[in-house]
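Asker: Here it is, the structure in full.
Just so it is clear, none of the values below were taken in a lab; they were calculated from the coordinates. Just so it is clear, the structure is predicted and the values come from calculations on it, not from any experiment. Backbone-built Cβ (ideal geometry, glycine too); neighbour counts: all protein chains shown.
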Amino acid sequence: MCIKRRVVVTGMGAVTPIGNNIHDFWQGLLDGKCGIDFITRFDTSEFNVKVAAEVKELDIDRYMDKKEQRRNDLFCRFGMAATVQAIEDSGISAENTDPYRVGVITGSGIGGIETLQNETLKLKERGPSRVSPLMIPMIIGNILPGSIAIKYGFKGAGHCIVTACASGTHGIGEAFKMIRDGELDAAVSGGAEATITTLAMAAFDNMKALSTKNDPACSSTPFDKNRDGFVMGEGAAMLILEELEHARARGAKIYAEVKGYGTTSDAYHITSPDPTGAGCARAMTNAIECGGITPAMVDYINAHGTGTPLNDRYETLGIKAALGENAQKAAISSIKGHTGHMLGAAGAAEALATVLAIKHGIVPPTINLREADEELDLDYTPNSPKKLDINYALSNSLGFGGQNASILLAKYTG
């Protein structure tokens, strides 16, 4: 019989529109800080959408030298900055553990789209000889786990999960499984994304996914009656997952425990979630059962909560199906009013927020929730944080293609 090992979080790092480390990120959540503003990266005069949640004031020189910066797309630079923070926070290294037992499992929904856009323009304007020989390694999503492994000498499994907006959550979940089942002792896991580019913004706008309010204060409005789409965000979040006894042996601090993981496919539509919420519900149910608890024991859910008309309605149905009577009692919130939608990095940032909510006993709020929707009747923690003793919490992600993921996190009790 396979012995299921306990998995804990021993380090974290964040690059987000509201803060470029875990302290500033968490304080931004509690303060109701909104990272959305008018786009500065390019001229938006011909665009319907003019706002996004950009990463601001990141001192990338602290994390990568100039040569590395030139050789990596923005998504990879974000991911490396968050990783350096997480490694420093955890203290894990190839010297204090078996490097073949440390993996790097990250997610990115799109990868190096800024590089792809720029090199395509070079091809058109200056010819094929001007296309960078580094373009391919700069655009592929797995260059981030590869680069992390090279920098730190981690020689265990190295994967990049590509499941759109669920990529970061899947990265954490798959790392959890590999540690739990004895394949690894530790892993760097999370997600990174950088899609505030002319090409990506035009494409997402033309598919009618983005809010067109163009008001930084009320464009991203999860669970609000007047929600009309999500706001593009960007950034990265990384967590160090570690087998409990391995973490104890090296004296690591422990933030929380990863107890369960569930993943499903809607098999319904390329962009719309299943209208019944069944796939989302089953992912949560699988995570709960994997963790050996009951639905009544879930205190908090960090929802996917994109602020689109369909997602928030169907995710609410999924929560009700998964939690039953407890759905009316559990605290729920979405942080996308703060950060926008960080796509493949969203689930990682939200898992990080969930860990901090457990650690501090505070539910971060859903900001910009001003008018209740009669169809959405759960406790979405509108606009102000609240104190709550959180023993078990779920973090949900739903991706284009109908791919769902849910992670069960718990207070570490020794």
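Asker: Of GLY279, ALA345, ALA322, which is farthest on the positive side of the dipole of segment 264-401, counting Cα position, with +1 on Lys and Arg Cβ, -1 on Asp and Glu Cβ, and the Cα centre as origin?
Answerer: Checked the options; the winner is ALA345.
Asker: List the lysines whose alpha-carbon lies under 27 Å from that of LYS124, not counting same-chain residues fewer than 8 positions away?
Answerer: Correct list for LYS124: LYS50, LYS67.
Asker: Could you check the spin-label model distance between LYS56 and ASN326? Points 7 Å from the Cα along Cα→Cβ, value in nm.
Answerer: 3.9
Asker: Here's something else I'd like to know. Which lysines have a Cα lying under 28 Å from the Cα of LYS386, excluding residues fewer than 8 positions away in the same chain?
Answerer: Correct list for LYS386: LYS33, LYS56, LYS225, LYS253, LYS259, LYS320, LYS329, LYS336, LYS359, LYS411.
Asker: In the Gaussian network model of the chain, springs joining C-alpha atoms below 10 Å, which of ALA372, ALA331, ALA186 carries the largest mean-square fluctuation?
Answerer: ALA372
Asker: Please find the FRET efficiency linking ALA296 to PHE47, where r is the Cβ-Cβ separation and R0 is fixed at 51 Å, and quote it to the nearest 0.05. Write out the running numbers ahead of the final one.
Answerer: Values: r = 47 Å, r/R0 = 0.92.
Efficiency computed from Cβ-Cβ geometry: 0.60.
Asker: What is the dipole size for segment 1-83, taken about its Cα centre, with +1 at each Lys and Arg Cβ and -1 at each Asp and Glu Cβ, in debye to the nearest 20?
Answerer: Here the size comes out at about 600 debye.
Asker: What nm distance separates the two modelled labels at ARG370 and LYS4, each placed 7 Å from Cα along Cα→Cβ?
Answerer: 4.5
Asker: Find which of SER333, PRO222, ILE172 sits farthest along the positive direction of the dipole of the chain, computed with +1 on the beta-carbon of Lys and Arg, -1 on that of Asp and Glu, about the Cα centre.
Answerer: So the residue furthest toward the plus end is ILE172.
Asker: Per-residue counts of other Cβ atoms within 10 Å, averaged by peptide: what ranking do you get for 317-329, 106-118, highest first?
Answerer: 106-118, 317-329
Asker: Which length gain, in nm to one decimal place, applies between ASP37 and LYS253 when the Cα-Cα distance is subtracted from 0.36 nm times their residue separation? Working shown, then result.
Answerer: On the way: separation 216, 0.36 × 216 = 77.76 nm, distance 3.62 nm.
Here the segment from ASP37 to LYS253 would lengthen by 74.1 nm.
Asker: Also: Going by how many other beta carbons lie within 10 Å of each one, how would you line up GLU374, GLU350, GLU54, GLU88, fewest first?
Answerer: On the way: GLU374 6, GLU350 29, GLU54 21, GLU88 11.
Result, fewest neighbours first: GLU374, GLU88, GLU54, GLU350.
Asker: Along Cα→Cβ, 7 Å out, is where each label goes; now give me the distance between the ones at LYS67 and SER132 in nm to one decimal.
Answerer: The answer from the label model is 1.6 nm.
Asker: Would you order PHE204, PHE78, PHE176, PHE38 from fewest to most other beta-carbon atoms within 10 Å of each residue's own beta-carbon?
Answerer: Arranged by neighbour count, lowest to highest, PHE204, PHE78, PHE176, PHE38 become PHE38, PHE204, PHE176, PHE78.
Asker: Another question, if that's okay. Can you list the residues, at least 5 places off or on another chain, whose amide H is less than 5 Å from the amide H of THR366, using H built in the peptide plane?
Answerer: Long-range HN contacts for THR366: SER334, ASN383, SER384.
Asker: Rounded to the nearest 20 Debye, what is the dipole magnitude of segment 153-271 about its Cα centre when Lys and Arg each give +1 and Asp and Glu each give -1 at the C-beta?
Answerer: I would put it at about 140 debye.
Asker: Right, something else. Treat the count of other C-beta atoms within 10 Å as a stand-in for reagent exposure and order ILE143, ILE36 from fewest to most. Walk me through the intermediate numbers first.
Answerer: Values: ILE143 24, ILE36 27.
With the sparsest Cβ surroundings first, the list reads ILE143, ILE36.
Asker: Students often get this wrong: which residues of segment 371-414 have the backbone nitrogen under 13 Å from the point 7 angstrom along Cα-to-C-beta of LEU30?
Answerer: 385-388
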